[in-house]
Amino acid sequence: MKAHVGDWLVMKGTTTELADQWGEITEVRGPDGAPPYVVRWKANGHVATVFPGSDALVVGAADLSPAEKAYTGTRNSDV
């Protein structure tokens, strides 16, 4: 898993009651884009150091769909 500052970490929801959790990567602490990542979670603004598991994926800001850009507040000028 590789990431850059400004990418989004998505923790996939494991049940229908638990939605995907989105967090903006604000710092990459591992070598060459590897974890751990410092993430600001979209739902509550909490900032945490995260070692993502197999249920997580990194979405580059340039790869967001229009709906994801609207949800995350990412503008085209940000990518």
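All of the numbers you see were taken from the coordinates with simple rules; none came from a lab. The structure displayed is predicted, hence computed values, not measured ones. Here the Cβ is made from the backbone with ideal geometry for all residues, glycine too, and neighbour counts use every protein chain on show.
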When the helix-only estimate is applied to the chain (DSSP H runs of n ≥ 4, each -39,500 (n - 2.57), divided by the residue count), what is the mean residue ellipticity at 222 nm, nearest 500 deg cm²/dmol?
-2000 deg cm²/dmol
Among (1) 3, 16, 28, 26, 18, 7, 1, 0; (2) 3, 10, 13, 13, 12, 9, 6, 5, 4, 4, 3, 3, 3, 3, 3, 3, 2, 1, 0; (3) 3, 12, 17, 16, 11, 6, 4, 4, 4, 4, 3, 4, 4, 3, 3, 2, 1, 0, 0, only one was calculated for this model; which label is it, if the read-out is P(r) over Cα pairs in 5 Å bins from 0, in percent?
(1)
Amide H neighbours of residue 20 under 5 Å, counting only residues 5+ apart in sequence or on other chains, H built in-plane at 1.01 Å?
13
Residue-ordered couplings for region 50-65, obtained by feeding phi - 60° into the Karplus form 6.51 cos²θ - 1.76 cosθ + 1.60 and rounding to whole Hz (Gly and Pro as x), are 10, 10, x, x, 6, 8, 10, 9, 9, 10, x, 4, 6, 9, 5, 6
Phi angles of region 18-25, converted by Karplus (6.51 cos²θ - 1.76 cosθ + 1.60, θ = phi - 60°) into ³J(HN,Hα) in whole Hz with x for Gly and Pro, give 10, 6, 4, 9, 10, x, 7, 7
Packing-based exposure ordering (other Cβ within 10 Å, fewest first) of 57, 64:
57, 64
Label-point separation in nm, residue 63 to residue 1, each point 7 Å along Cα→Cβ:
1.3
